[in-house]
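Chemist: This is the structure I want to talk about, given as structure tokens.
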Amino acid sequence: MLWAALAGAVGTVLVIAGVPKVADRARMERSVRGYRLLPDPLVPVVAAALPWAEIVLGAALVLGVVPRVSGFAAAGLFLAFFLALTVNLLRGRRDLDCGCFAFAADRGEVAHIGWWHALRAAGLTVAAVLVAVAPVPTVAERAAGAGTGVFAVAVVAVGLYARSVMSFGRRPVDDYLTPAAVRLRAVPAPSRY
């Protein structure tokens with residue numbers, strides 16, 4: 001069941017990564033072009049195919065369809081992400097949107113990559129290889145394991161989303177009001193006397 005849970009988790013990560021990218025082809029193309037690794041004619045092809053490859057491979061892993069093939073294919077995909085991230089980090093290029101899970105700069109943020117992104121891709125590569133070489137589970141093990149893996153990734157995804165919209169400590173409104181309060185204090189007030 002452990003291997004099926006790992007397959008479910010890796011598959012869910014791929015589906016979560018692929019689904020938002022399908023809707024925004026222009027941003028996906030910009031993200032692929034930002035890596036500066038492919039010739040220009042290949043960029044639109046990769047940008048169109050990559051989200052669907054993630055979704056199909058993810059669904060295959062969750063459902064346990066040809067686990068060896070889908071595991072090795074997912075490992076190849078994660079390895080490609082790892083290499084692309086590593087090449088750009090070694091070039092000193094950190095100011096790009098990795099396109100890992102949709103797009104980082106949705107709210108006017110400046111997208112940055114770091115070694116964390118590359119290590120995450122490397123870890124997912126290892127996990128996908130483990131899924132590919134693991135013994136094939138029974139149908140019952142596959143169902144229970146996949147459910148466990150999907151649930152675990154869903155809990156983490158909800159937690160990360162909650163963390164991004166909730167503030168523990170300072171409230172988000174403080175970030176907007178504090179600069180205004182500082183500016184108001186700096187303006188000399190006319191004397192009433």
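Chemist: On the basis of being modelled with pLDDT of 90 or more and under 24 Å from Leu119 (Cβ atoms), does Leu90 make the cut?
Modeler: Values: modelled with pLDDT of 90 or more: yes; under 24 Å from Leu119 (Cβ atoms): yes.
In short, yes.
Chemist: Please find, within region 96-136, the residue that is farthest from Val46 (Cα to Cα) out of those that are at pLDDT below 70 and open to solvent by less than 40 Å² (accessible area, probe 1.4 Å). Working first, answer last.
Modeler: Step one: filter region 96-136 for residues at pLDDT below 70, giving 102-110.
Then keep just the ones that are open to solvent by less than 40 Å² (accessible area, probe 1.4 Å); that gives 102-103, 105.
Details: Ala102: 15, Phe103: 16, Ala105: 20 Å.
Filtering region 96-136 for residues that are at pLDDT below 70 and open to solvent by less than 40 Å² (accessible area, probe 1.4 Å), the one farthest from Val46 (Cα to Cα) comes out as Ala105.
Chemist: Then there's this: Taking Val19 and the conditions (1) surrounded by 15 or more Cβ atoms within 10 Å (Cβ to Cβ); (2) within 25 Å of Arg94 (Cβ to Cβ); (3) without any contact (Cβ under 8 Å) to a residue 60 or more places away in the chain, which numbered condition does it fall short on, given that it satisfies the others?
Modeler: (2)
Chemist: Taking the options Leu14, Leu42, Leu57, name whichever one is touching a residue at least 40 places away in the same chain (Cβ under 8 Å), open to solvent by 20 Å² or more (accessible area, probe 1.4 Å) and assigned to a helix (DSSP H, G or I). Break it down stepwise before answering.
Modeler: Working: Leu14 fails: open to solvent by 20 Å² or more (accessible area, probe 1.4 Å); Leu42 fails: touching a residue at least 40 places away in the same chain (Cβ under 8 Å).
Among Leu14, Leu42, Leu57, only Leu57 is touching a residue at least 40 places away in the same chain (Cβ under 8 Å), open to solvent by 20 Å² or more (accessible area, probe 1.4 Å) and assigned to a helix (DSSP H, G or I).
Chemist: With respect to the numbered conditions (1) modelled with pLDDT of 85 or more; (2) buried (at least 21 other Cβ atoms within 10 Å of the Cβ), which one is the sole condition not fulfilled by Ala5?
Modeler: Ala5 satisfies all of (1) modelled with pLDDT of 85 or more; (2) buried (at least 21 other Cβ atoms within 10 Å of the Cβ) except (1).
Chemist: Which pairs have Cβ atoms under 9 Å, sit 6 or more apart or on different chains, and link a residue in region 24-35 that is farther than 16 Å from Phe101 by Cβ and part of a helix (DSSP H, G or I) to one that is open to solvent by 50 Å² or more (accessible area, probe 1.4 Å) and charged (D, E, K, R)?
Modeler: From region 24-35, the pairs are Arg33/Asp40.
Chemist: Looking only at region 60-73, count how many residues are in a helix (DSSP H, G or I) and open to solvent by 80 Å² or more (accessible area, probe 1.4 Å). If you could, list the steps in order and put the result at the bottom.
Modeler: Initially, region 60-73 is screened for residues in a helix (DSSP H, G or I), giving 60-63, 67-73.
Then drop every residue that is not open to solvent by 80 Å² or more (accessible area, probe 1.4 Å), which leaves 63, 68-69, 72.
Counting residues in region 60-73 that are in a helix (DSSP H, G or I) and open to solvent by 80 Å² or more (accessible area, probe 1.4 Å) gives 4.
The values are calculated or read from the model by the stated rules, or taken from the named source; none is laboratory data. Nothing here was measured: the structure is a model prediction, and the numbers come from that model. Here Cβ is always computed from backbone atoms with ideal geometry, including for glycine, and neighbour counts include all displayed protein chains. To get the accessible areas, we keep the full protein, side chains included, count just its heavy atoms, and leave off ligands, DNA and RNA. Shrake-Rupley method; radii C 1.70, N 1.55, O 1.52, S 1.80 Å.
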